[in-house]
1. On the basis of being at negative phi and touching a residue at least 60 places away in the same chain (Cβ under 8 Å), does P48 make the cut?
2. What's the number of the condition R109 fails, among (1) in contact (Cβ under 8 Å) with a residue 12 or more places away in the chain; (2) of a type outside the set (F, W, Y); (3) under 24 Å from D183 (Cβ atoms); (4) open to solvent by 50 Å² or more (accessible area, probe 1.4 Å)?
3. Return the residues of the stretch 290-346 that are farther than 23 Å from E371 by Cα, modelled with pLDDT under 95 and open to solvent by 40 Å² or more (accessible area, probe 1.4 Å); say none if nothing qualifies.
4. Among (1) more than 19 Å from E398 (Cβ to Cβ); (2) assigned to a loop (DSSP other than H, G, I, E, B), there is one condition L315 misses while meeting the rest; what is its number?
5. With respect to R235, determine if the residue is without any contact (Cβ under 8 Å) to a residue 24 or more places away in the chain, among the basic types (K, R) and open to solvent by 10 Å² or more (accessible area, probe 1.4 Å).
6. State which residue pairs qualify: first residue within 12 Å of Y636 (Cβ to Cβ) and inside the stretch 612-623, second residue among the hydroxyl-bearing types (S, T, Y) in any location, beta carbons under 6 Å apart, and separation of 6 or more residues or different chains.
7. Can you pull out every residue in the stretch 575-592 that is among the hydroxyl-bearing types (S, T, Y) and surrounded by fewer than 20 Cβ atoms within 10 Å (Cβ to Cβ)?
8. Any residue at all in the stretch 568-576 that's free of Cβ contacts under 8 Å to residues at least 24 places away in the same chain, assigned to a loop (DSSP other than H, G, I, E, B) and farther than 29 Å from G304 by Cα?
Amino acid sequence: MRKIYFAIVLAILAAGCSKHVTVKEISVVPEPVFVLQKEGSFTLKDNPRISLAGIGQNSPTARYVMSSLRHARMHPSMVSSGKNSDIDMEILDTANPELGDEGYLLEVRSTGIRMSANTETGLFYAYQTLVQLLPPDINRVRYRAITLPECTILDYPRFEWRGAHLDVCRHFFPPKFIKKYLDVMASYKLNRFHWHLTDDHGWRLPSEKYPKLNTIGSWRVDRDDQPWGEAEPPREGERATYGGYYSKEDIAEIVQYAAERGIEVIPEIEMPGHVSALLASYPQMACDYRGGKNEVNPYRVEIGPYWPPRAILCLGKDSTLVIMNDLLDEVMDLFPSARYIHLGGDEAFKDNWEQCLKCQRRIRVERLRDEDELQSWFMSNMAARVSARGKQAIGWDEISESGVAWSGTPDTADVVPAPADSESNMIVMAWRGQQLGIAAAAAGHSVIMCPTDYCYLDYYQANPLFQPKSIGGMITLEKAYSFEPAPEGTDSIAESNILGGQCNLWTEYINTPSHAEYMLLPRMLAISESLWSPREKKDWNRFRRTLEDQKERLASRGYNYCEGSFEPHFIARRIDDQTMNISISTEVPNTYIFYTTDSSTPTRKSSIYVGPLNLERGTHIKILPVYKDLERDTVYEYVIK
C-alpha cells in the first residue's frame, strides 16, 4: 500500500513539474525551401504514438526517433496503424521527383504530424526539422504537452556535398566527441564528415602491416600545457606520451554511427607532404635517409608549429610506392563503405626532390617536366589505386595529376580539362580561393568549395582580445553566412560541377572538445544554410534572429558555442551636407549599445542606443557593447564622416 501511495505522489509531483507550452513561430536552420504556417494547431502529448510505413521498427531512423524523443523527456510508443497515431512517418510508394533522395514533406495538421519522403534519409531530415519545431529547451525541461502551429514544410537540399571537417592529428579527440560532432552535423543536415587522420603531428589510423605507425607515429612529446606557438623542442631521451590512434573497432563504430545519421565518413591520408609522423616511423621513405649504422633519423612527430613542412616522401624509390599502396589498401579496408578517399596533396614542399638523385631519375624515366609533374604522376598512381577499388579520390587544390595542372598563383591557375575517363579524375577540394575552384569546375572537374576566407573555422570569430588564442584570420558569423559555393556570375557548366562545400576545423590551437565546439558553433549553422537552402531564401537578419533560439537548443544539449561578434555595424545615410543618419547594430540581437559623443569613455550609465542617430560630420562617437549584463568587447571609437 505504501508503494502505491508513493507512486501516486511521485506521479503528481512529476505532472506538476512538467508544463504545457504553445509554439508560435516556426524557426528552422537551415531555412527550408517552402514553409506555410496556418491558423490551426496540434497538441503533442508527452506520450506520442509513432506509426511507420515503408521502414521497419528496427530501422536506424526508427531507433533514432525513439531514442531522441526519450532524451526529450517523452515516452513514445510504436503503433501499427496511422489512425491512432500522433506522428506518422512514411516512405512514399510512388517517389516524388521534387524531393529527390534527401527531401521531405512535413505537415502539422489538427489531427497529427505527418512526415513523408522517398527515402529513409529524407524521413530522418524531416524528423530533424520536427525537433526544431519543439521548444529549444526540450532536452532540459519536461513538457506534458506542446501545441504546434499547423504548417506545411516542403524541403530538399541545394547541394549534394554538405560537409564538415575535423583535424584529429594536431590533437587527438576521443570517439565519444567524434559522435557528438556527428550529432550536431546531423541536426543541421550536413552529410559528409571529412576526417583528417594523418599529418606531421600524428598518425591516427591503426596499421597491422606497419606497426611503427602506432608505436612511434601516433605519439609525440607532451607539450599540451604550453601554447601551440611556444612549445619547447623535445629533450634527448624524453618519452613521447601525447596522442593516440583509433582502433578498428572505434572506426567501425563511428562509421556505423554516422551512417545511421545520413552521414558519409571521408577518411584523409596525407601525401606526399605533411608526413613527419610517417617518416619518423619509417625513415627509409625519405629522400635524405639511408639508414646507416650510426645515422640518426632526422624526422620526428612534430609537437608545435612546423613550417615550412619539408618532410616529404621520396618518390624515386619503388619501395615508397609499395608502402603507400599498402597503406591505402588498409585505409580502404577500414572504411569499406566509403565512396571517397581523400589523398591530401597540399603544401608539398619539393626542396628535397630537387636534390634527390632518385627523384630526379624518376622525372627523367617517366619523361616528366619537373617536380610539379612528379607530384602529378604520384597522385595519379594513388588515385588509380583508389579507383581500382571502386572508390573516388579527392585532393586539395594543389593536386597536379593528369586532369588538373596548376601553374602560377591560385587566382591565375591554368587548368587542364578533365579527362574523358571520369573514374581517374580526382575531385578538387578548393581551399585557396573560390576562383580556383570555379576554374576547375569550368574545366569539367567535380569541385568541393571550402575557401579559407569563409570556411576555416579555426580562424577568430570575434575580437581576439576577448577570444581564445587562434591561428589568426577573422571569419565572423556574418562572414561565414555570406559563403556562396557558386557565386553569382558562375557559368552553368561550372555550377553544375560544384558538388557543394564544407567547413574545416583545423586544431593547432584547439586541444579540447569544448574548445572545438566553441570554434565550430554557431558558424557551422551558417555554412549549413549556405549549402542546403535555396540562394533566394537566405536572409541574414532572419538568420541572426533565428540563431538565438538555436543557441538555447545547443545549450540544452550540452554544446559550447560562441555568442558572436559584438563589433558595431554602421549604416550611414546622408541627411544634408553636415548631418548623417546613423544606424548601429551588432551580429548578436538584444545587444545593448551604450555610447558617448563627447569623447568620454562610455559606461553602462551612458546613453543607450534605441534607434538611428542624427550626427554631425566630425562627431567622435564611442561605443560599448553589453550583452546579458556583461561587457563583451572593447570600446569602439569612430569619427562620423
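1. Values: at negative phi: yes; touching a residue at least 60 places away in the same chain (Cβ under 8 Å): no.
Considered against the rule, which asks whether it is at negative phi and touching a residue at least 60 places away in the same chain (Cβ under 8 Å), P48 comes out as no.
2. So the condition that R109 fails would be (3).
3. Those that are farther than 23 Å from E371 by Cα, modelled with pLDDT under 95 and open to solvent by 40 Å² or more (accessible area, probe 1.4 Å): G291, K293, N294, E295, V296, N297, P305.
4. With (1) more than 19 Å from E398 (Cβ to Cβ); (2) assigned to a loop (DSSP other than H, G, I, E, B) applied to L315, the lone miss is (1).
5. On the way: without any contact (Cβ under 8 Å) to a residue 24 or more places away in the chain: yes; among the basic types (K, R): yes; open to solvent by 10 Å² or more (accessible area, probe 1.4 Å): yes.
In short, yes.
6. H620/S599; I621/Y595; I621/T597; I621/Y638; K622/T596; I623/Y595; I623/Y636
7. To start, the set of residues in the stretch 575-592 that are among the hydroxyl-bearing types (S, T, Y) comprises 579, 583, 585-586, 591-592.
Selection gives T579, S583, S585, Y592.
8. Looking through the stretch 568-576, at least one residue is free of Cβ contacts under 8 Å to residues at least 24 places away in the same chain, assigned to a loop (DSSP other than H, G, I, E, B) and farther than 29 Å from G304 by Cα.
The values are calculated or read from the model by the stated rules, or taken from the named source; none is laboratory data. Here the structure is a predicted model, which is why all the values come from computation and not from measurement. Quick reminder, even Gly has a Cβ in these numbers, built from the backbone with ideal geometry, and neighbours come from all protein chains shown. All accessible areas refer to the heavy atoms of the entire protein, side chains included, with ligands and DNA or RNA removed. Shrake-Rupley method; radii C 1.70, N 1.55, O 1.52, S 1.80 Å.
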